[in-house]
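Novice: A single structure is presented below for examination.
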């Protein structure tokens, strides 16, 4: 294998692929990146057997072939190079990296030992706007669980319905839901649970500029792709909980709050929070007080003006969970609604109900 490619594009591609590698002393090929040269393209592949990625890099191919080398070593070597172009030459189980001023040899493994990346038998394919999909997943990700006992909560629930995509996640302490309009007409209904790790990678890889992202479903598998990146992953088995009844529909206490001022008040108060990471909110007719107290540090109280509808209320929240909900909104003002100090509260945009964030309060004795 011999090829010449742009260092910057190659570095980005292998750095992306490195995140998909595994750590298995019994399967050293999982620690490697497979580089295949053919048809004016380098195909960069990595997998941990749960999920995989393939990235296509434009290159001048002088001779086809493939080589598998340790991902971490390759990334470090390429990151240290200053030249614009690099020469790559695969010789059996080694990769020679050359520039105008240096030459290095990386020892790898037999390329035939690298796991075969399957092509899924696609039953459904949907195409979404990358920016809309990334925005929705970003709002949902904080609520994804890391439970060992409820794997169905360790991912993002996708509900594809005619003209609308619904994303949801919950760790039982909060629930986040985002609805995205599908502008290109009706699609076939489908539900599945995407691993949270893959949701994180969608945000990292496909954010930044507009393009179409294709989601292709197979039997308990999904392929997420654009022109140059292809991600394959298993879907999470299990049933995502029916959650619609959890979202409050009416409130005895409600108000609108300025998003940035409210977030800054929560963040400032959190300096004084206790081991429970709690902040205390008191809603009265003309103001809301955000208070935190720590016996070892001190206390603080911050007031914001508001126009309350309904009853005054005192309620406690985990400040991290509360901030996640506040930052999930996308307007200058947000809606806050609650019924009592022990019932779930709701955060959403002032004028747009496409994002809902339900948060359970902390019950303090």
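Novice: On a 0 to 90 degree scale, rounded to 10, what angle separates helix 319-328 from the longest Cα axis of the chain?
Specialist: For helix 319-328, the angle is close to 70 degrees.
Novice: Could you tell me how many degrees, from 0 to 90 and to the nearest 10, lie between the Cα long axis of helix 130-140 and the main elongation axis, the longest principal axis, of the Cα atoms of the chain?
Specialist: 50
Novice: In units of 2.2 N^0.38 Å, what is the alpha-carbon radius of gyration of the range 99-234?
Specialist: Taking N as the residue count of the range 99-234, the ratio is 1.24.
Novice: How high is the relative contact order of the range 248-359, in percent, with contacts defined as C-alpha pairs under 8 Å that are six or more residues apart? Write out the running numbers ahead of the final one.
Specialist: Details: 243 pairs, mean separation 34.1, N = 112.
Dividing the mean separation by the residue count of the range 248-359 yields 30 percent.
Novice: Over all distinct alpha-carbon pairs, what is the Kirkwood Rh of the range 248-359 in angstrom?
Specialist: Taking every pair of different Cα atoms in the range 248-359, averaging 1/r and inverting gives 13.9 Å.
Novice: Quick one: if the Förster radius is 30 Å, what FRET efficiency do residue 331 and residue 150 give, using the C-beta to C-beta distance and rounding to 0.05?
Specialist: Calculated transfer efficiency: 0.35.
Novice: A further question follows. From the mean inverse distance of alpha carbon pairs (Kirkwood) and the Cα radius of gyration, derive Rg over Rh for the range 241-280.
Specialist: Rounded to two decimals, Rg over Rh is 1.12.
Novice: Which of 106, 224, 35 comes first, and how do the rest follow, when ranked by fewest Cβ neighbours within 10 Å?
Specialist: The fewest-first ordering by Cβ neighbours comes to 106, 224, 35.
Novice: Still on this structure, I have one more. Rg over Rh of the range 1-160, using C-alpha atoms and the Kirkwood radius, what does it come to?
Specialist: Rg/Rh for the range 1-160 comes to 1.03.
Novice: Relative to the longest principal Cα axis of the chain, at what angle does helix 196-206 sit, 0 to 90 degrees, rounded to 10?
Specialist: 70
Novice: Just want the ordering: 319, 209, from fewest to most Cβ atoms lying within 10 Å of their own Cβ.
Specialist: 209, 319
Novice: Share of antiparallel DSSP beta bridges in the range 248-359, in percent to the nearest 5?
Specialist: Percent antiparallel among DSSP bridges in the range 248-359 is about 100.
Novice: Whole angstrom only: what separates the Cα centroid of the range 48-63 from the Cα centroid of the range 254-306?
Specialist: If we compute the Cα centre of each part, the gap is 49 Å.
Novice: Sticking with this structure for a sec: Mean-square fluctuation check for the chain, GNM, Cα pairs under 10 Å: which of 159, 139, 311 is largest?
Specialist: Its mean-square fluctuation being the largest, the pick is 311.
Novice: Let me check against my output: what whole-number percent is the relative contact order of the range 2-113, with C-alpha pairs under 8 Å and at least 6 apart?
Specialist: Once divided by the residue count of the range 2-113, the mean separation gives 29 percent.
Novice: Now for a different question. Run the numbers on the range 31-76 and let me know its relative contact order in percent, using alpha-carbon pairs under 8 Å that are six or more apart.
Specialist: After rounding, I find 43 percent.
Novice: Per residue of the chain, what 222 nm ellipticity follows from adding -39500 (n - 2.57) for every DSSP H run with n ≥ 4, rounded to the nearest 500?
Specialist: Helices in the chain give a 222 nm mean residue ellipticity of -5500 deg cm²/dmol.
Coordinate-derived values only; no laboratory data. Please read all numbers here as calculations on a predicted model, not as lab measurements. Here Cβ is always computed from backbone atoms with ideal geometry, including for glycine, and neighbour counts include all displayed protein chains.
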